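The values are calculated or read from the model by the stated rules, or taken from the named source; none is laboratory data. Every value quoted in this text rests on a predicted model; they were computed, and no experiment measured them. Heads up, the Cβs are rebuilt from the backbone with ideal geometry, glycines too, and the neighbour counts pull from every protein chain shown. To get the accessible areas, we keep the full protein, side chains included, count just its heavy atoms, and leave off ligands, DNA and RNA. Shrake-Rupley method; radii C 1.70, N 1.55, O 1.52, S 1.80 Å.
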Amino acid sequence: TDVTPPNTTGLNVTQVESDVQGNFVNITVNVTDNLASSERVSQVLANITFPNSSWFTVRMTNGSNGGNTYNYSYNTTTQDLHGTYNVTIIANDTSNNINNTIKTTYTVTDRVKPNITALNITQPAGPAQGNSYNITVNITDNIASNERISQVWTNITAPNGSTTSYRMTNGSSGG
């Protein structure tokens, strides 16, 4: 009776162009079974956990030539979360022995700047000196989540050339 799980080695994640959203990710791992036959490995899965702890599992392939190297490749998108992704390999042999001990991480970086639109300045009490101003702006990020905008600042330049920065707050609409 076979009670030995498959052996997993050489786990590697390659990000061909860079770690920026919208680029190619290639995951490879070598998997062998103690009975020295590649047919003994029944399946190899990659469990990929996102920075927000959600996850998905995909079946890795070992190509048309068979062999011991298994692969999964995909393209990240500009909607993919910024942060560290965890990869756990799950190798199963035909005797249902499982090895899920090999792990690694890779990073996806958000380098898309937020989009600023609809700048509006109003003077509710009129334009007299000393009156307040309301400055509103719509800001969106490539990832559809309001939590992605962490800070908004406005710079006010006076007629004498001096500049003052103010941190803006999220208005009553909440988003």
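Annotations
- Ordering of 112-120, 124-132, 74-82, 5-13 by burial proxy (mean other Cβ atoms within 10 Å per residue, highest first): 5-13, 74-82, 112-120, 124-132
- For GLN43, the residues whose amide H sits under 5 Å from its own are ASN92, ignoring neighbours fewer than 5 places away on the same chain, with H placed 1.01 Å from N.
- Protein accessible area in the range 88-165, 1.4 Å probe - carbon and sulfur %: 49
- The phi torsions of the range 75-91, fed into the Karplus equation with coefficients 6.51, -1.76 and 1.60 and a -60° offset, translate into couplings of 9, 6, 10, 6, 8, 5, 5, 7, x, 8, 9, 9, 10, 10, 8, 10, 10 Hz, rounded to whole numbers, with Gly and Pro shown as x.
- Label corresponding to Kirkwood radius over Cα pairs in Å when calculated from the structure given, among [x] 20.3; [y] 16.6; [z] 18.6: [x]
- Amide H to amide H, with H built 1.01 Å from N, THR107 comes under 5 Å of TYR85, counting only residues 5 or more places away or on other chains.
- Computed over protein heavy atoms with a 1.4 Å probe, the accessible surface of the chain works out to 63 Å² per residue.
- Per-pair calculated FRET efficiency, R0 = 25 Å: THR1 and THR61 via Cβ, rounded to 0.05: 0.30
- With both labels modelled 7 Å from their Cα along Cα-to-Cβ, the ALA125 to ASN71 distance reads 6.9 nm.
- Fully extended contour minus Cα-Cα distance, from ASN100 to MET168, at 0.36 nm per residue: 19.7 nm
- Calculated diffusion of the range 1-102, Stokes-Einstein form, Kirkwood radius summed over Cα pairs, 20 °C and 1.002 mPa s, µm²/s: 149
- Fully extended contour minus Cα-Cα distance, from VAL16 to ILE156, at 0.36 nm per residue: 46.1 nm
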